[in-house]
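Input: a single structure, listed below in structure tokens.
The values are calculated or read from the model by the stated rules, or taken from the named source; none is laboratory data. What you see is a predicted model; the values in this text were computed from it and never measured. Reconstructed Cβ throughout: ideal geometry from the backbone, glycine too, with neighbour counts over all protein chains shown. Ligands, DNA and RNA are excluded from the accessible area calculation, which covers all protein heavy atoms including side chains. Shrake-Rupley method; radii C 1.70, N 1.55, O 1.52, S 1.80 Å.
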Amino acid sequence: FDRLESSIMTVYFQSGYAAVHFVDRPELDPEHATANYRLETVTGPQYRIRTVTVKNLSPTQEAEVRKMLALAPGDVYDQIAIDELHAKVQDSANLKGLDYSFAPATDRSLNVIDLTLDFFRDAAQSSL
């Protein structure tokens, strides 16, 4: 079930459901020696981006990152887009040797996320 849950979770993460989880309920039939599993998806609310803050970049680099990320205030939160940004940063000549950490701060009362991308010089990339 782990791979199935992971695949389903990816779809929900791309659609702004940052708090998705699963409930599985086995239905055992001892008479026929079978088990059926029902996997229930509990999505919670859909989250949207409230703010995107980019730290430690020049204005030109920040503009490039914002364009590559393609998430702006009001957009549905997409965890996969944030994860995929890593490869895009590595492929950019303007961002060579940089990496980032990110911190999504969730406001559950408003169903919004404030996203901070904190860029730093990647020592492993710089030595190549």
Legend entry - Segment T10-A87, extension gain: residue separation times 0.36 nm, minus the distance between their alpha carbons: 26.0 nm
Legend entry - Value at 222 nm in deg cm²/dmol, rounded to 500, when DSSP H runs of n ≥ 4 in the chain each add -39,500 (n - 2.57): -9500 deg cm²/dmol
Legend entry - Summed residue charge, Cβ within 14 Å of N111's Cβ, Lys/Arg positive, Asp/Glu negative: 0
Legend entry - Accessible area in square angstrom per residue, the chain, 1.4 angstrom probe: 63
Legend entry - Correct option for P(r) over Cα pairs in 5 Å bins from 0, in percent [calculated from the coordinates] among (i) 2, 12, 22, 26, 21, 11, 4, 1, 0; (ii) 2, 10, 17, 17, 13, 12, 10, 6, 4, 4, 3, 2, 1, 0; (iii) 2, 9, 17, 18, 18, 15, 12, 6, 2, 0: (ii)
Inset, instruction - With all protein chains present, calculate the accessible area of S7 using a 1.4 Å probe and round the result to the nearest 10 Å². - result: 70
Inset, instruction - Quick one: pull the percent of accessible area on the chain belonging to carbon and sulfur, 1.4 Å probe, ligands and nucleic acids left out. - result: 51
Legend entry - Cα long-axis angle, helix 2-14 against the chain (0 to 90 degrees, to the nearest 10): 50
Inset, instruction - Take every Cα pair under 8 Å in region 22-103 that's 6+ residues apart, average their separations, divide by the length, and report that relative contact order as a whole percent. - result: 20
Legend entry - Label point at T106 placed 7 Å out along Cα→Cβ; residues across region 45-77 whose backbone nitrogen lies under 15 Å: 45-50, 77
Legend entry - Accessible surface of D83 - all protein chains present, 1.4 Å probe, nearest 10 Å²: 80
Inset, instruction - Taking the Cβ of K88 as the centre, find all other residues whose Cβ is under 10 Å away and add up their charges (Lys, Arg: +1; Asp, Glu: -1). - result: -2
